[in-house]
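Engineer: Submitted below is the structure of interest, expressed as structure tokens.
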């Protein structure tokens with residue numbers, strides 16, 4: 001990493017919140033521990049320092065067996081080696097009356113709450129969001145990075161530790177680049193040049209850095225210098241097989257604006273939008289993602305084609321099938337991996353919004369898969385998961401893990417994009433952002449919010465008439481109007497069907513299009529055709545949780561209740577925090593009522609009613625199920641909650657919204673009669 005330009009000693013003493021720290025730990029550059037500003041002598045053993053760093057960054061205590069495997073897989077007595085190393089470590093960081101090295105059953109942890117640790121400060125900033133920090137805090141964090149993470153701590157014949165070390169160095173390099181990017185974008189030009197130079201040393205193939213540098217050079221009239229940089233950069237990109245056309249276009253744009261920019265440069269405050277002139281965004285933009293090959297920590301890393309590669313290939317394929325993201329092709333990411341380019345650097349080279357990385361490890365019958373989803377430009381890990389299995393059939397387990405990974409990634413990205421879109425002025429949204437702004441309002445499940453969602457979806461399809469997902473969202477708003485009784489039912493049914501038809505027409509390979517059509521056909525009482533469309537959505541993308549849920553919704557009323565229960569469970573397995581989770585739970589409850597398993601139904605229905613944004617129909621499922629289960633006080637309480645939401649709500653509203661068969665209608669009618677809602 002590039003050393004900061006100011007004295008790293010400035011980080012010692014109180015932290016940015018003014019709290020006194022008894023120990024200062026530096027993990028960038030040579031490992032250093034200072035007590036009251038005086039360096040503590042560390043053991044000569046690299047393994048002790050490696051153990052210290054690993055435990056420092058571990059989010060929870062680490063099992064002794066795991067630590068032995070990490071650092072002492074060869075010696076006859078790895079536990080003895082670990083005990084010796086821990087005793088040395090205690091001598092460094094423990095103090096009278098303060099035991100920082102502790103054991104929890106068979107696990108070891110460190111209590112460094114009162115210590116200043118540079119790596120933890122940077123990791124915490126990345127988690128918080130580097131862009132949310134003050135410029136002063138960003139500068140301080142950048143100055144902390146005064147060398148490589150754990151400089152000189154590589155350990156011979158320890159591939160597991162060295163693999164972890166490489167991953168951490170890449171992670172912190174990504175954080176440092178994100179800090180430098182923020183500083184370069186928000187500083188005045190003279191200071192920005194310094195940050196840009198450091199940024200380009202760390203990420204020489206990041207097109208954003210080159211574009212900002214060329215823009216600044218043009219604004220200062222340094223045209224010859226810009227031409228020289230452009231030629232060298234494009235040649236460098238082409239030698240690496242990368243496209244330099246966007247950098248050429250940025251330079252042309254910067255030169256064209258040079259005169260006017262130079263004339264106004266002195267009057268523009270630092271950090272204003274004039275410091276970044278990016279190319280226009282296409283209306284059909286989608287969020288982009290690169291899935292890097294997973295590291296195989298249990299096999300010879302020179303041999304390709306094992307479980308790690310198979311899982312990465314599966315995730316890439318399934319994400320592409322969702323058709324909601326721009327997914328970088330397998331050949332490209334595998335080629336970058338072969339050149340030992342890490343996920344963070346690859347994400348910047350490919351100019352994608354998100355990057356996925358992970359590892360696979362076998363130990364006996366145990367299969368452990370670790371996965372992370374990070375935002376490329378902020379280096380923030382937005383989702384991480386560890387899967388542990390003892391597979392009887394490795395292919396089945398990998399398939400299940402692939403399902404979970406893809407559904408979780410899609411859900412997390414959708415949530416992030418919704419939250420980003422809500423922060424932007426409506427007039428500035430492109431089609432992708434307008435679509436996600438519509439989703440944000442749609443998931444409020446309120447009449448007024450639904451109307452706002454409809455307007456944003458219409459904006460999205462006007463900006464991009466080929467955007468299938470926006471038509472699917474528009475169809476959903478009309479579905480809601482009909483299902484909730486917010487507008488006249490028949491016209492809204494036809495509008496839902498028409499928008500779904502447009503979605504299928506523009507992209508019949510998008511599972512969301514067939515999902516929308518399935519819901520619209522259900523509104524039209526075409527049960528069999530609805531099921532066919534939903535099964536088509538699942539065939540196109542087995543990980544599309546909403547299709548599984550809607551299949552459960554339809555079968556819970558008039559189809560096979562056992563199929564409904566299975567589909568509901570699978571949808572929740574794929575998307576356990578879905579905005580429509582109340583519907584998944586409610587569908588299961590309705591299926592259980594039809595099976596006359598009333599107590600079970602009531603339990604699931606109560607869970608559904610407790611979810612945020614659960615609407616009156618969901619509350620009614622709970623009230624009627626509780627009544628059928630004999631829990632009349634609880635049923636009356638839910639009935640009172642419904643009347644508070646909609647004073648005139650009754651059984652006719654409930655049965656009019658759903659499509660129950662004769663048995664289901666009779667059972668729910670009986671439940672309503674028991675609490676006076678018939």
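Engineer: Looking at 86, 82 in this structure, which one is touching a strand residue (DSSP E or B) at 6+ places or on another chain (Cβ under 7 Å) and in a helix (DSSP H, G or I)?
Structural biologist: Going through 86, 82 in turn, the sole match is 86.
Engineer: Could you check how many residues of segment 134-153 are in contact (Cβ under 8 Å) with a residue 12 or more places away in the chain and either part of a loop (DSSP other than H, G, I, E, B) or more than 23 Å from residue 191 (Cβ to Cβ) (or both)?
Structural biologist: 9
Engineer: Of the numbered conditions (1) touching a residue at least 60 places away in the same chain (Cβ under 8 Å); (2) closer than 28 Å to residue 557 by Cα; (3) not in a helix (DSSP H, G or I), residue 466 fails exactly one; give the number of that condition.
Structural biologist: Condition not satisfied by residue 466: (2).
Engineer: Say whether the condition of being outside any helix (DSSP H, G or I) and surrounded by 15 or more Cβ atoms within 10 Å (Cβ to Cβ) is met by at least one residue in segment 169-183.
Structural biologist: No, because not a single residue in segment 169-183 is outside any helix (DSSP H, G or I) and surrounded by 15 or more Cβ atoms within 10 Å (Cβ to Cβ).
Engineer: Quick one: in segment 524-537, of everything that is buried (at least 22 other Cβ atoms within 10 Å of the Cβ) and touching a residue at least 24 places away in the same chain (Cβ under 8 Å), which residue is nearest to residue 319 (Cα to Cα)?
Structural biologist: Among them, the one singled out is 537.
Engineer: Do we find that residue 166 is under 24 Å from residue 363 (Cβ atoms) and not in a helix (DSSP H, G or I) in this structure?
Structural biologist: The answer is no for residue 166.
Engineer: Sort through 583, 518, 501 and tell me the only one that's closer than 17 Å to residue 477 by Cβ, outside the structural domain of residue 479 (by TED's automatic domain parsing) and either at pLDDT 95 or above or out of contact with any helix residue (DSSP H, G or I) (no Cβ under 9 Å at 6 or more places or on another chain) (or both).
Structural biologist: None of the others qualify; the one that does is 583.
Engineer: Looking at residue 109, is it closer than 29 Å to residue 373 by Cβ, touching a strand residue (DSSP E or B) at 6+ places or on another chain (Cβ under 6 Å) and either part of a loop (DSSP other than H, G, I, E, B) or not assigned by TED's automatic domain parsing to the domain that holds residue 41 (or both)?
Structural biologist: Judged against the criteria, residue 109 is not a match.
Engineer: Also, I was wondering about something else. Could you please find all residues in segment 632-649 being within 41 Å of the chain's Cα centre (by Cα) and either surrounded by 14 or more Cβ atoms within 10 Å (Cβ to Cβ) or under 18 Å from residue 604 (Cα atoms) (or both)?
Structural biologist: 634, 635, 636, 637, 638, 639, 641, 642, 643, 646, 649 - these are the residues of segment 632-649 that are within 41 Å of the chain's Cα centre (by Cα) and either surrounded by 14 or more Cβ atoms within 10 Å (Cβ to Cβ) or under 18 Å from residue 604 (Cα atoms) (or both).
Engineer: Regarding segment 54-67, can at least one residue be identified that is under 23 Å from residue 160 (Cα atoms), in contact with a helix residue (DSSP H, G or I) (Cβ under 9 Å, 6 or more places away or on another chain) and in a loop (DSSP other than H, G, I, E, B)?
Structural biologist: Yes, the conditions are met somewhere in segment 54-67.
Engineer: Which numbered condition in (1) within 11 Å of the chain's Cα centre (by Cα); (2) under 26 Å from residue 542 (Cα atoms); (3) in contact (Cβ under 8 Å) with a residue 12 or more places away in the chain is the only one that residue 380 fails?
Structural biologist: Result: residue 380 passes all but (2).
Engineer: Could you grab me the full set of residues in segment 499-514 that are over 22 Å from residue 549 (Cα atoms) and without any contact (Cβ under 8 Å) to a residue 24 or more places away in the chain?
Structural biologist: 505
Condition check ((1) at pLDDT 90 or above; (2) over 23 Å from the mean Cα position of the chain (by Cα)) across all residues:
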{"position": "285", "(1), (2)": "no, no"}
{"position": "299", "(1), (2)": "no, yes"}
{"position": "309", "(1), (2)": "no, no"}
{"position": "312", "(1), (2)": "yes, no"}
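Engineer: Looking at segment 635-652, is at least one residue on the phi > 0 side of the Ramachandran plot and not assigned by TED's automatic domain parsing to the domain that holds residue 483?
Structural biologist: No, every residue in segment 635-652 fails to be on the phi > 0 side of the Ramachandran plot and not assigned by TED's automatic domain parsing to the domain that holds residue 483.
The values are calculated or read from the model by the stated rules, or taken from the named source; none is laboratory data. This is a predicted model, so every value here is computed, not measured. As a convention, Cβ positions derive from the backbone with ideal geometry for all residues, glycine included, and neighbour counts pool all protein chains shown.
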